[in-house]
Each structure stands twice: as structure tokens, then as C-alpha cells.
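One structure is given here, and the rest of the page talks about it.
The values are calculated or read from the model by the stated rules, or taken from the named source; none is laboratory data. These numbers were taken from a predicted model, which means no experiment stands behind them. Cβ sites come from the backbone with ideal geometry, for glycine too, and all protein chains shown count toward neighbours. For accessibility, only protein heavy atoms count, side chains too; no ligands or nucleic acids. Shrake-Rupley method; radii C 1.70, N 1.55, O 1.52, S 1.80 Å.
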Amino acid sequence: MQKSVRYNEGHALYLAFLARKEGTKRGFLSKKAAEASRWHEKWFALYQNVLFYFEGEQSCRPAGMYLLEGCSCERALAPPRAGAGPGGARDTLDKQYYFTVLFGHEGQKPLELRCEEEQDGKEWMEAIHQASYADILIEREVLMQKYIHLVQIVETEKIAANQLRHQLEDQDTEIERLKSEIIALNKTKERMRPYQSNQEDEDPDIKKIKKVQSFMRGWLCRRKWKTIVQDYICSPHAESMRKRNQIVFTMVEAESEYVHQLYILVNGFLRPLRMAASSKKPPISHDDVSSIFLNSETIMFLHEIFHQGLKARIANWPTLILADLFDILLPMLNIYQEFVRNHQYSLQVLANCKQNRDFDKLLKQYEANPACEGRMLETFLTYPMFQIPRYIITLHELLAHTPHEHVERKSLEFAKSKLEELSRVMHDEVSDTENIRKNLAIERMIVEGCDILLDTSQTFIRQGSLIQVPSVERGKLSKVRLGSLSLKKEGERQCFLFTKHFLICTRSSGGKLHLLKTGGVLSLIECTLVEEPDASDDDSKGSGQVFGHLDFKIVVEPPDAAPFTVVLLAPSRQEKAAWTSDISQCVDNIRCNGLMTIVFEENSKVTVPHMIKSDARLHKDDTDICFSKTLNSCKVPQIRYASVERLLERLTDLRFLSIDFLNTFLHTYRIFTTAAVVLGKLSDIYKRPFTSIPVRSLELFFATSQNNRGEHLVEGKSPRLCRKFSSPPPLAVSRTSSPVRARKLSLTSPLNSRIGALDLTTSSASSSPTTTHSPAASPPPHTGKVPLDLSRGLSSPEQSPGSVEESVDNPRVDLCNKLKRILESAPVDRAGVDSSPAADATELSPCRSPSTPRHLRYRQPGGQTADSSHCSVSPASAFAIATAAAGHGSPPGFNNSERTCDKEFIIRRTATNRVLNVLRHWVSKHAQDFELNNELKMNVLNLLEEVLRDPDLLPQERKATANILRALSQDDQDDIHLKLEDIIQLTDCPKAECFETLSAMELAEQITLLDHVVFRSIPYEEFLGQGWMKLDKNERTPYIMKTSQHFNDMSNLVASQIMNYADVTSRANTIEKWVAVADICRCLHNYNGVLEITSALNRSAIYRLKKTWAKVSKQTKALMDKLQKTVSSEGRFKNLRETLKNCNPPAVPYLGMYLTDLAFIEEGTPNFTEEGLVNFSKMRMISHIIREIRQFQQTSYRIDHQPKVTQYLLDKALIIDEDTLYELSLKIEPRLPA
């Protein structure tokens, strides 16, 4: 394009004259002046590529001119008229045609023109377009490109010709050399054969044969080479190399994504928060910023270097050498240890900072950045936690496809071993991350906040919906009242159980949770569980008939307030059994932990309880067991690897029973043992406790001699130091204000006054009446409270030195004598109790829990410190003796003194309680094991019947056994859940309605009901062993296959319904209706239904219907994008996981997400180590996933079944197969010609 033009006035006048006379286009146009919104009518004339304008048609001298070469002309919108009215402005705008001429020169303003008629404006635009020579310029540009290309070709040919010339010269030289050699050889040959005769000409047939042979040899060689190449392409080695390359490409993509995530973390959060911390009014301090982000910036720099190295290796493909990169990376990965070690503290600091409104507001602004894609800061802080395991899995896959003779094999194996070693070190610090994220998610849902969830030792157990019954109306409620509560949701509560606390919340209309003002946060150490209300209670009489035995009580005795009772109602007996089992187990664990902790003084820095520290088998690795550094809920190191015998030993250890270990064991025991073996071990513990229980457990249970010797060494020191070495807590017996109130034997801790006695029978502990601790009951006077010290009897205030020495020499005699003195002492209480045997029998019912009442606390009589230096009973021993001595009646053949002093009797009682505890948990939460295995069920029934025949059985144990028997033998009459087979086999259903007559709400509710019925029917044993990926998957996992088939049927139904309509509008309306159904499913937490519908809409047969999608509204398309983002599989369903963590059951998750997780765990780690030990860390991960699945399975929807809708949804006749769908799609909207 010409950049400059030289002309004079004469040239301009001459060209203007030609334009007026012979111009291509002439006429009046309105030109916009330089000042705002003013238009002047001019007479324009176009000549070639010059546009002249005159003041009038008769003017000879042009007012101006424009060079149109290289310009563009386009239609412009009509500007609004400020002076005209609405109607007049609209008429004026409709009659005028505006267009704009844009020039290619920099700094030149566009020319805005208008005309009165649209046709005239189009003609002007066409003429100006031709005058701009745009087509010629494009053609010129194309020709220039071709010219440049030809010039490059010519240059290349010249270079090639020059190279060939040099080659020819070299060949000529070589030919001359060869000719000289031939001449020399000929001369030599002539000298050797002087009488050479002339050879006759070769036979033509021989020549033909030689040609054929040459052709065949060439053909055979080519065929053999082709066969070799094809064989290699199909060989396992080539396939392995292809997979190996694919793994490397995937690793590069994952590394790129990870670096991008770290970049967002550092540049989107870390650096802005550092700047905010340096402001005048900082919302956060620099220390908190450092505590939250740790060394994430260093990690980002490291992985940027590693990512650049990977990209450099990919540039040298197909030669991929990666081992040296890992050799450089491995020494630097230790920085992850600091990040992982402080990750929990980082999340705690972040949660504390969010309580500052300014910081929370600022953080939400950062999280609203489009680059974050809706992810929170906690999500980005968690990404580095999974990077080391990802590298291990990648190296594992690389080694699986790397030949043993490969040059990188040894280097990759070394890198894998180093990463696994680092991962084992980090595993102990990563294990609590998921639990903390769950706690933080719940804490953020609660409007008032909840500080107890910031405690790292607070482990989430379960959550669900329960109905809280007002205590004042329990005696007045009827079935009608209960129904109204359920319908109006007046008493519905969202409950969360943790290892130390129980939260009760109400849900507002906006979905937020609010803690109850009274009884919203219950400390389990202050609680007593009552499963079955006493029939003698007036307020709970007849509650079994009203509530169907679905109610249970939690009696709360806060130290600084009046006792109160919380009555909760479960939806079914199964859920009640699950809730009560978990609550009782948590209460037992807390009390057992307190019992072990009391051997230390208040300022002690020792973190391992004495009982664990004394038994090396509980924390030191051995040939048959390996521990991690993480502690479970009983403060005992978690098991990483162990033999089956050691796992069974831990299950039956009398000192503690962790709920997380019990859940993991019962979920996964099928992988490494059988139910018969587990039941056999429990039976042995009951029948032969002394031979079945580990020897060390028994030694610690009755460890007295060592304590005595240690106590004499500190006899002259303060009582505070003596308590450190004295195992038993004080035992206090007191009289209450009620004349019929019996005394209780309790264990109280000098460290924590709320640690009560541990009830080994969870059934009996759950049956304490609520009327016992009423606010009206006042504590007894000080003179009536006589604490008992195990080190001396009340009847003999002083002991002679000889008696002390005798007790030290004979611990067994000392133990029995002291217990006799305890039971024979307290004359102030015995008279009152014996005077009313009927009242005593009523009060000491088998339902009573031995937990410590609020007014039974350890006090020093007369302000003096009790001397415990001569105590010789271990905590577990004193506790077991106290539990046995607190029996509410003696079986024939035993008196109290003989029973208490009998060591075998104490061990038998403790072993019986442990067996009943495990069986109760097994029966209540894993009932499917007994439904599918009748032999196992009969063996358990026989064992329980044998327990009932035990003459020494305590009342608490008898009631616990009866409860388990009742739960095991009764039919599930209260199971009113629908089953898919019942829905399909309904014969009295009305005729199915068509899609048009059904509302989106009805469809969404019934889809949710069907999806949850199918999802709920999956037994948890099908999730073990990847049975859904085996050849016999239909036999091994029929319910998972049924769920998958139901998902496909629903998705096919959605697609088929859309394709049933021939006109575009109906199809678009159908798509909008299905998207509305999917959105309602999202509101109902049915994410499986959302994925069913969105996957149907993304099918090729539906997605290609461009005319149909053009009719769909923008709001529907935006809503569909939002739904697809929620259930997207990107990042291992990261959005769906976050959504599920923040929602409460009932919900229907996408099953494929959990199956992917289980497959990931199964393929990444073996079930057994090389030494044959069970990989219990893997079992714990599998149990965590199964527990989450069962949490969603157990909570049902309150949706009424509508047969007319489900009959339409399950009608297989409406489903069109995939091939037919695509054919219909092509018929409706044929492909556009190429």
C-alpha cells in the first residue's frame, strides 16, 4: 500500500472535475463534523480511489478529499437523539442509514456518514469497498507470499545444485580412481593368463533365470523386513514403550497443572496477603501469613525448575531420559516434610484468622478471582500434600512398562525407593488432613462458629438428621404429634458426632446451621447414654409404643450448670443402633483415656500414657507389626503393617478399644481373614481369657510390685509427687440428698475432674435414668462425704510399719485386704442403704450406668491431703475391681469379698465386656454379615446364649447380651425402605403418564428416590477387591452392576425423550425441562441424577443438534454449565468432593467417584507386604471411603413414592439404543456438506 502521495492544487482540481463528471458514485450524504453530534449535508463524488466532497452539487472547488486505498467500510448503529421524543426518535432512526469508513493510517479519525435510504447506503458501501482495493491488496499479499516462497525454493535449489555439483566432482574423481585400478587389474590379469580365450556370449535363458532369482530375493527380503516391523509394532515391548511414553506425557501435563496451582497459591494469595500484612491496618500479621503458607513459595520454585527440565526432555522425544531429573529432584523433596508437618497447624491458623471479618472479606475477594475457579484457599494448601504419592504412582507405572535391561531401570527403582521412604515418614503427618478438612467444612457451615472443631485431636465420626423430642412434652406426645413433628420439621436436628463432642444444630431456610442455645455442644465426658428408657419413669412410660423404640436419651451433667436430658429420635432401628453404638464407644474411649492419663502430674510433658509406654508391643516395631507415629482415638500408635494374629490381639486387648480401629477392622477383615476366625477369637477370649489375652496385658493389668517399690522412694516427698507414681485414682463413696439414692463407686482423676468411670458394658451405660440428677438435688454436706483411700482402711487411721512391709512383700494379699476394708468400711452409708433394701434394689437396676455423678468429686477430708504413697493397684486393676464390686447383686456361690479378690473373676468380667462390646458394634453396624451368612449368625447366637448361662454374669452384662440377642434375632419390621424390585413389580399402578404431563419437581423427586434406593442397596462388601472390574463382575458385585445399569438407563431415557420430537421448538423445550430437573436434583443433593442428565445432554447424538441448541435460552445454557462444573471429573471430581463435604445427608453421590478412589488405592498399594503382613494403612484408607459411602446410604429421603412417575422412569420401552439415536440425529439435522 502506498504510504505517501505528492500532489499540487492543479492535480486536485483536475481529479475533482473528473469525479464530478465521470465519478463511480455521486450524491448527497450527511457527514459528521468534528464537534459532537453535528451533521452537515455534503455532495460526494467517488473517482477511482479518491472520495471528494463539495459544499453543493454546483460547487466546482472540492471542500475536501479522502484517499480510500486500504480502508474498510462497515455499518454503524444509529446514535440516540436527545431532543426528539420517543416516538419521533424511533421513526427518525428507522429512516436513516449510518456507515463508517475506517482508514488504515495511524491517527486518522474515521469518517462517519449517513444517508436517507438503506439501498443508497448499501450502494455507497459497496462502491467504497471496491475503491479501497481490498481484494487487490489481499491478492497482492498472497502473490508476495508465493513470491517469497518461490525465492526460498530457488535459493534452496541453488544450494542443493551446488552440493550436487560438488558431489559430482567427487564422484568423477572416484570414477577416475576406479578406472585406474581396473586398468591395473586388467594388466595383472593379462600377465597371469596370457592364453586367455574369448568367452562365448552367455545364454539368454540363463540371464532370464538370474533376473527372476534377483527379483524373488528382493521380494523375500522386503516381505521379511515388513514382517519384522509389523511383529515389533504388535510386540509387548513396543506396546510397553507406547504406554511408557503416554505416562511421561501425562506426568508432564500433571506437573504443568501442579505448577499452575502453586502459581495461583503464591501470586493469588501469599504475595497479596504479605502486602496486606504490611498495610497501616493489617487484617493479618506476617507471622500468621508465614504459618499459613509455610514454604509453599520454595516448593513452587523447585517444581518450576523440574517442569522446565521435563519440557526439555519432551523436546528430545522419542529419546526420553528422566532418571537424572529425579536424581536432581530427590534431595530437594525434603522441603515437603516441613510443609506436611505443619499443615494441620496451618489450617488451624487460617481458621482462626477467618474469625476476623476484615481478613475473611479480603480472602473471599481473592477466592473470587476467576483463576481460582471457585476453589478455596484450603484447597490450594492441600495440593502439595498429594504430590509425593503422585510421583510414587507415576514411577510405579513407569517401572511396570520399563524393561529390566533398560538403561533407566535402576535409577528409577532407586528414585521410587527414596520417594517411598520419604512418603512413609510423611504418612504419619498426612493421616489427619482429611479429618481436619471435614471439621473445618462443618465449622464454616455453622453460623456461630465452633471452636472445638479447631482441635486437631477432634475426629469426625458420623452425622445425620435426628428428631429432638421436647422433654416437657414427652409424656403428652402421641403418634399424631410425632407425625406433625416429622412433617413440619419442627424437631428435626442436624447432629454431628466427634470423638469428644456431640453437636446439635438447626438448619435455617438458607441452608446455614445454627447451634442450639442450650445443649448445642455436648461434651461426651459429661454425658451418659440411655438407649432404652426405664419403664418405671413416668415421663417415658409408653414411649416405646409412641416412638416405636426409636428414641434414646443423652443425660448431660455439666460441672457448672444443672443437669438436663436430650431425647433424640432416629428414623429407623438400624440408625438408632448405629448412633448409640458410636456414642457409647466414644464415651468409653474418653473415660479410658482419662484413666490412663491420671498417672502423670499436671505439668508433665510426657505424651505417651504410662500403660502404653510400659508395653513395648504397643509402640515399637517388631517382625510381625509396624507402627506409625500417628495416635488413634485411644492415644495408641496406629498400626501400619501387622500380622492377622496381632490385629486380632489388638481387637481383644482389654486395656482399650479404638473406634477407628474397630471400624476399619470390621469393614475390611474379609480381605485378610474370615468371620469365623474373628468369632473364634472372641469366643476364645470369653471362654479362656487367661490363655488368649497377651501376657503383657495381664501383667500391666495387675502391676503392683513395681509401683510399691517406686512409691517408697518418694514417701518423704509431697503428695503431688506421690500422685505421679500412684496409679489408682481415689475412690469416693457418698450419700446423696435423696434417702433412696444408693452410693456409687467412681474413679475421678486428679488432673481432670470430669473423667468418670468407664463402663465396659455400653448397653448398661446407655440406660441411666434422667430423673436421678435433677437440679433440685443438692449436694450432701461435707461431713457426710467420706472419701476412701486404697492405701489405708477407714477403721484403722494409722498403720504400723510392719503392716506396711507385709503389704509390700505380698501384693496379692495387700490388694485383697485393701478391697475387703473398702467394702466393709463406710458405716455412715451402709445403715442408710440396708434400711431400705427395696429402694436399693430399685435404684441399683441393671440399667444404671456407673458414671460419676456431678457431686461425687474427690476432696481432701478436713483440708488435709490424702496420702496415696502406699497405693499398689494399677489404674486398670482398680477400675476393673471397682466395676466388678459395684455389682447390683451377687450370684449364688460368691460373696463380695471373694468376688473382688478373685483375679480370675475380674479378668473374666473384663473379657466378657470386651467380647460383648465388639459383638454389639458388629451386629448393630454390620448386620449384612449375619443376613448373608446364616452359619455365622447361628454361631453368634450360640455364643450369646452361652454367655447368658454364665452364673457369674453381672446384671449389666446380662442386659447387654439380651440387647444383642434381640437385635440379632428380630426381623427388620421397622424397615420401611422401598426396594427397586418392589417398585418394578408394582402391578396396581395407574397408567404411566407422558413426559409433557409430569412436572420437573415430580421427575426430580422420583429420580432422586430411585437413585437413592439403588445406591442404598449396595452391600459394603462389594467395594472390596475391585470385583466390579473382574470378568465375573455380575456375580461378584451384582448391586454395583445394577447401579451402573440404572445410571445408563436413566441417561438413555433423557436422550431418547429429546429425540422423540421432530420439531426444533419441542426438542429445545425438552432440553430446558431436563436441565430444570437436573437443577432440582442438585438442590436435593442428588448429584448422581445431575450427572445422569448432563451426560445424556453431552452425548454426540444430542450435542450435535446445533439448531436445537440455538433455540435453548441463555439462562438454561448457563445453568447447564454450572451443573457440569459441579459434577466434572476434572481433578478427580474435586468440585463434587468439596460439594459433598459441605452438604448434609440425605444425598446421592456419584458412585463412580468412589470406585475410582478404591481402584486407585487397590492398584497403588498391595494388601500384604513382602513379609506377609497385612497392610493395615491401606485397610484404613478403604474403610474411610466405605464409611463415607455408608453415611450417605443410611440417611433416607422423605419423598413419597409416586407410581405414575416411576413407571414412566423405569419404562424400558421408551429407551432408544445408541446407534438408533445417532441415526435419528442425522435424520433430524443432516450433516452440512463439506
Return a yes/no flag: does the range 357-376 have any residue that is in a helix (DSSP H, G or I) and either over 22 Å from Ala277 (Cα atoms) or in the same structural domain as Leu453 (by the TED database) (or both). yes
The strands (runs of 3 or more DSSP E) lying entirely within the range 1-70 that contain at least 1 residues which are of a type in the set (A, V, I, L, M), closer than 21 Å to Glu106 by Cα and at pLDDT 85 or above are 50-54, 64-67
Helices (runs of 4 or more DSSP H) wholly inside the range 231-307 that include at least 3 residues being closer than 30 Å to Arg409 by Cβ: 236-265
Verdict on Val677 being open to solvent by 20 Å² or more (accessible area, probe 1.4 Å) and on the phi < 0 side of the Ramachandran plot: yes
It is to be established whether one or more residues within the range 1028-1050 are open to solvent by less than 10 Å² (accessible area, probe 1.4 Å), at negative phi and touching a Ser or Thr at 6+ places or on another chain (Cβ under 7 Å). no
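A quick yes/no check of all residues on (1) modelled with pLDDT under 90; (2) among the basic types (Lys, Arg); (3) surrounded by 10 or more Cβ atoms within 10 Å (Cβ to Cβ):
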position: Asp172; (1), (2), (3): no, no, yes
position: Gln199; (1), (2), (3): yes, no, no
position: Asp205; (1), (2), (3): yes, no, no
position: Arg217; (1), (2), (3): no, yes, yes
position: Asn245; (1), (2), (3): yes, no, yes
position: Phe249; (1), (2), (3): yes, no, yes
Within the range 219-232, residues being open to solvent by less than 90 Å² (accessible area, probe 1.4 Å) and either within 30 Å of Leu399 (Cα to Cα) or at pLDDT below 90 (or both) number 3
Qualifying helices (runs of 4 or more DSSP H) (wholly inside the range 1002-1115; at least 1 residues being in contact with a strand residue (DSSP E or B) (Cβ under 8 Å, 6 or more places away or on another chain)): 1087-1097
Can you work out which of the residues in the range 492-524 that are among the charged types (D, E, K, R) and assigned to a strand (DSSP E or B) is nearest to Ala562 (Cα to Cα)? Arg493
Scan of the range 282-291 for residues that are touching a residue at least 60 places away in the same chain (Cβ under 8 Å) and charged (D, E, K, R), ordered by number: Asp288
Tabulated pairs, the range 1109-1133, first in the same structural domain as Ala1055 (by the TED database) and in contact (Cβ under 8 Å) with a residue 60 or more places away in the chain, second of a type outside the set (S, T, N, Q) and surrounded by fewer than 18 Cβ atoms within 10 Å (Cβ to Cβ), C-beta under 8 angstrom, 6+ apart or interchain: Lys1125/Gly374
Residue count, the range 963-978 (criterion: modelled with pLDDT of 65 or more and either part of a loop (DSSP other than H, G, I, E, B) or open to solvent by 40 Å² or more (accessible area, probe 1.4 Å) (or both)): 4
Options Arg646, Arg650, Arg640, Arg655: the member that is over 18 Å from Leu936 (Cβ atoms), part of a strand (DSSP E or B) and open to solvent by 10 Å² or more (accessible area, probe 1.4 Å): Arg640
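Residues are listed down the side, and each one gets a yes or a no for (1) out of contact with any Pro (no Cβ under 6 Å at 6 or more places or on another chain); (2) over 21 Å from Cys1083 (Cα atoms); (3) open to solvent by less than 30 Å² (accessible area, probe 1.4 Å):
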{"site": "Ala1159", "(1), (2), (3)": "yes, yes, yes"}
{"site": "Pro1166", "(1), (2), (3)": "yes, yes, no"}
{"site": "Gly1172", "(1), (2), (3)": "yes, yes, no"}
{"site": "Lys1178", "(1), (2), (3)": "yes, yes, yes"}
{"site": "Gln1194", "(1), (2), (3)": "yes, no, no"}
{"site": "Asp1200", "(1), (2), (3)": "yes, no, no"}
Name the residue that is farthest from Thr1206 (Cα to Cα), counting only residues in the range 990-1023 that are open to solvent by 20 Å² or more (accessible area, probe 1.4 Å) and under 29 Å from the mean Cα position of the chain (by Cα). Glu1021
So how many residues does the range 324-351 have that are under 23 Å from the mean Cα position of the chain (by Cα) and in a helix (DSSP H, G or I)? 14
Selection from the range 1177-1224 of residues over 23 Å from Phe1023 (Cα atoms), part of a helix (DSSP H, G or I) and under 33 Å from the mean Cα position of the chain (by Cα) yields Thr1206, Leu1209
